[in-house]
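Chemist: Mind looking over this structure? Questions follow.
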Amino acid sequence: MKANKNIVIIILGSLFFGGILGWMVRGSGDQSQKSENEVIGEETIWVSPMHPHIRQNEPGNCPICGMELVPLSQFKSAGGSDPYVMEMTTEAVALSNIMTTKVTSGQAAQQLQLSGKIQPNEQRIKSIAANFSGRIDQLFVSFTGQEVKKGQKLATIYSPDLVNAQKELLETVKIKDRQPALHQAAREKLRLWKISEAQIMAIEISGQVESQFDVFADVSGIVTGRNVSLGDFVSRGSVLFEVVDLSQVWVLLDAYESDLASVKKGNDLKFRVSSFPGKDFNAKVTYIDPILNPETRTVGIRAEANNPGMDLKPEMFVSANISTTPSLESGLMIPKSAVLWTGPRSVVYVQVGDKESPAFEMREVTLGNRSGDNYIILEGLSEGEEVVSNGVFTIDAAAQLSGNYSMMLRPKVKRITVPHEFTKQLTAFLKSYFSIKDALVKTEPKATAARVPEAVKTLSEVDMNLLEGEGHNTWMNLLKSIQVSLEKIQNISDVEEQRKHFETLSDNLIEAMEFFGVVDDTIYRQYCPMAFRDKGAYWLSSEKEIRNPYFGDMMLTCGEVKEEYQPSKLATSK
């Protein structure tokens with residue numbers, strides 16, 4: 001009995017101490033889990049890297065852009081005192097796929113981007129016609145699209161006229177010694193019907209009349225037209241077949257009036273088609289239309305491209321880059337993707353940390369001309385520095401979350417003082433810009449183009465003579481780009497191309513608002529991070545509500561307000 005009592009005491013003691021040990025282990029695990037999940041209070045805050053105002057207390061996806069939410073703490077500065085420098089964890093850098101590119105010096109390579117389509121080379125289109133009247137007795141081409149070789153038999157024709165002409169020839173052979181002219185006339189008659197000298201000699205030697213003659217292909221290519229069927233009667237000159245040689249094709253492009261100075265015969269170009277993404281095709285400019293189309297204000301550009309594999313099909317749309325005369329301008333260059341803001345005052349992020357302690361400094365730079373996919377930098381960077389070329393917006397969002405300076409929260413820049421009348425005229429032009437924006441929201445390319453003339457008119461009424469010094473120079477730099485953008489929007493029928501030029505128009509107009517201010521109502525600068533395959537794009541709106549001109553009904557409310565321009569005041573960050 002005593003032994004049993006001791007056993008019970010031992011068991012109870014083991015359970016007691018085991019419970020304490022389990023509680024300690026579980027409690028330690030919970031604390032570790034809390035540390036690992038980075039709990040704030042009792043909840044982990046999850047945010048969208050692209051839309052930092054989106055916050056949830058559980059994992060999920062951003063309701064605006066669909067990106068996966070991440071813990072807020074991954075995007076908090078590591079406690080640095082410099083508001084221009086954003087420090088991040090190595091995990092956040094990996095999650096955001098941040099990549100950098102070195103600032104290098106170079107010469108601007110001029111490239112002109114044009115769109116167009118593939119067409120057959122008209123010089124390689126052959127119409128095969130009947131040289132004599134008759135009936136189609138045999139047909140060796142059964143469908144359009146059939147490939148034929150030069151010299152291949154296409155059809156056989158029975159021709160009563162040829163039968164009679166051969167009989168005449170054989171009769172004149174008998175009297176050719178006495179009537180040589182008559183004999184030659186009979187031979188010439190057959191020659192005019194494209195009967196070869198060898199065939200004529202064969203008829204004379206055999207003394208037999210041929211009742212059928214073959215039609216042969218003059219060139220190799222694809223049959224694009226078959227105009228006869230078995231048993232049809234055809235007249236002399238009737239087109240029987242159309243054969244196209246597609247081993248070389250034309251690339252037909254449209255260039256705007258403002259681009260003509262950069263295009264010359266002999267320019268090399270590279271182009272792509274959607275059927276072969278990532279593959280470059282080569283061509284050479286061989287013809288520039290001497291007449292400008294008065295309706296589209298464009299000039300036709302023709303290039304020739306070899307097509308040995310028949311990959312290029314007529315009517316395919318192409319996107320081409322023409323290498324033009326090299327520019328003499330040179331300087332420091334960075335990728336376009338590194339620039340968070342277009343216009344004279346642009347924002348980039350420069351790497352100032354190391355691999356173990358990533359840190360990125362926000363820096364405003366002055367942009368020069370664009371060179372292909374790069375920008376020339378006039379001020380703000382030094383050769384050898386590394387700028388963020390991928391994931392730049394995520395860093396900016398992280399800076400905004402941590403209270404650092406960001407694109408949306410920059411140190412105030414003194415606005416250029418200009419006469420109130422000039423700002424009033426500029427605001428009038430802005431209202432016509434809104435009309436263009438509203439047409440793009442509805443995805444109506446014709447209406448978009450139709451609203452440009454009013455914008456051009458109000459732009460012409462903006463009096464540059466009211467400005468002087470820095471204000472005059474700044475406006476003149478912006479004005480040229482605005483005019484080109486309007487011209488291209490008006491002369492394009494493809495709404496996606498219109499949207500590309502609308503982005504440039506918006507960027508320059510936003511810069512004008514920053515420099516010169518607005519009158520009357522509050523203007524909103526809005527941003528869509530998913531525009532142009534997630535590169536992002538801005539626009540101006542008179543309404544706070546998001547109505548996206550880059551997607552229309554497809555993603556009408558995708559975007560957010562980035563800044564507000566108050567009447568006669570500087571922009572205020574949001």
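Chemist: Can we say VAL318 is surrounded by 16 or more Cβ atoms within 10 Å (Cβ to Cβ), modelled with pLDDT of 90 or more and either out of contact with any His (no Cβ under 7 Å at 6 or more places or on another chain) or not assigned by TED's automatic domain parsing to the domain that holds ASP218 (or both)?
Modeler: Answer is yes for this residue.
Chemist: Separate question: Read through the list (1) at pLDDT 90 or above; (2) more than 30 Å from TRP250 (Cβ to Cβ); (3) small (Gly, Ala, Ser), then give the number of the only condition that ALA181 fails.
Modeler: Failing condition for ALA181: (1).
Chemist: For the condition modelled with pLDDT of 85 or more, outside any strand (DSSP E or B), within 30 Å of PHE281 (Cβ to Cβ) and not hydrophobic (A, V, I, L, M, F, W, C), what is the one hit in LYS117, LYS150, LYS126?
Modeler: Going through LYS117, LYS150, LYS126 in turn, just one is modelled with pLDDT of 85 or more, outside any strand (DSSP E or B), within 30 Å of PHE281 (Cβ to Cβ) and not hydrophobic (A, V, I, L, M, F, W, C): LYS150.
Chemist: Would you check if ARG547 is modelled with pLDDT of 90 or more and of a type in the set (Lys, Arg)?
Modeler: Taking the combined requirement at face value, the residue satisfies it.
Chemist: Condition check: part of a loop (DSSP other than H, G, I, E, B), of a type in the set (Val, Ile, Thr) and under 22 Å from SER115 (Cα atoms). Does ILE482 satisfy that?
Modeler: No; evaluated as a whole, the condition is false for this residue.
Chemist: Name the residues in the range 279-315 that are modelled with pLDDT under 90 and touching a Ser or Thr at 6+ places or on another chain (Cβ under 7 Å), would you?
Modeler: Selection gives PRO308 alone.
Chemist: State yes or no: is THR286 under 24 Å from ALA449 (Cα atoms) and either small (Gly, Ala, Ser) or surrounded by 14 or more Cβ atoms within 10 Å (Cβ to Cβ) (or both)?
Modeler: no
Chemist: Moving to a separate point now. How many residues, within the range 195-210, are touching a residue at least 40 places away in the same chain (Cβ under 8 Å) and loosely packed, with under 14 Cβ neighbours inside 10 Å?
Modeler: Counting residues in the range 195-210 that are touching a residue at least 40 places away in the same chain (Cβ under 8 Å) and loosely packed, with under 14 Cβ neighbours inside 10 Å gives 0.
Chemist: Within the range 265-273, is even one residue in contact with a Gly (Cβ under 9 Å, 6 or more places away or on another chain), of a type outside the set (Gly, Ala, Ser) and surrounded by 14 or more Cβ atoms within 10 Å (Cβ to Cβ)?
Modeler: Yes, the range 265-273 contains at least one residue that is in contact with a Gly (Cβ under 9 Å, 6 or more places away or on another chain), of a type outside the set (Gly, Ala, Ser) and surrounded by 14 or more Cβ atoms within 10 Å (Cβ to Cβ).
Chemist: Identify all residues within the range 450-463 that are more than 15 Å from VAL484 (Cβ to Cβ) and either in contact with a helix residue (DSSP H, G or I) (Cβ under 7 Å, 6 or more places away or on another chain) or assigned to a loop (DSSP other than H, G, I, E, B) (or both); write none if there are none. Steps first, answer last, please.
Modeler: First, pick out the residues of the range 450-463 that are more than 15 Å from VAL484 (Cβ to Cβ): 450-451, 453-454, 457-458, 461-463.
Correct list: ARG451, GLU454, THR458, GLU461, VAL462, ASP463.
Chemist: Check VAL243 against each of (1) out of contact with any strand residue (DSSP E or B) (no Cβ under 7 Å at 6 or more places or on another chain); (2) surrounded by 16 or more Cβ atoms within 10 Å (Cβ to Cβ) and name the one condition it does not meet.
Modeler: Unmet condition: (1).
Chemist: Need at least 2 residues that are closer than 30 Å to GLU122 by Cβ and out of contact with any Pro (no Cβ under 6 Å at 6 or more places or on another chain) per element, so show me which helices (runs of 4 or more DSSP H) inside the range 153-242 make the cut, counting only ones lying wholly within it.
Modeler: 180-192
Chemist: Just for the range 443-477: of the residues that are touching a residue at least 60 places away in the same chain (Cβ under 8 Å) and at negative phi, which one is farthest from the chain's Cα centre (by Cα)?
Modeler: THR474
Chemist: Applying the selection to the range 525-567, what residues are crowded, with 21+ Cβ neighbours inside 10 Å, hydrophobic (A, V, I, L, M, F, W, C) and free of Cβ contacts under 8 Å to residues at least 60 places away in the same chain?
Modeler: Correct list: CYS528, ALA531, ALA537.
The values are calculated or read from the model by the stated rules, or taken from the named source; none is laboratory data. Model, not experiment: these values are computed from the prediction. Cβ coordinates were reconstructed from backbone atoms using ideal geometry, including for glycine residues, and neighbour counts include every protein chain displayed.
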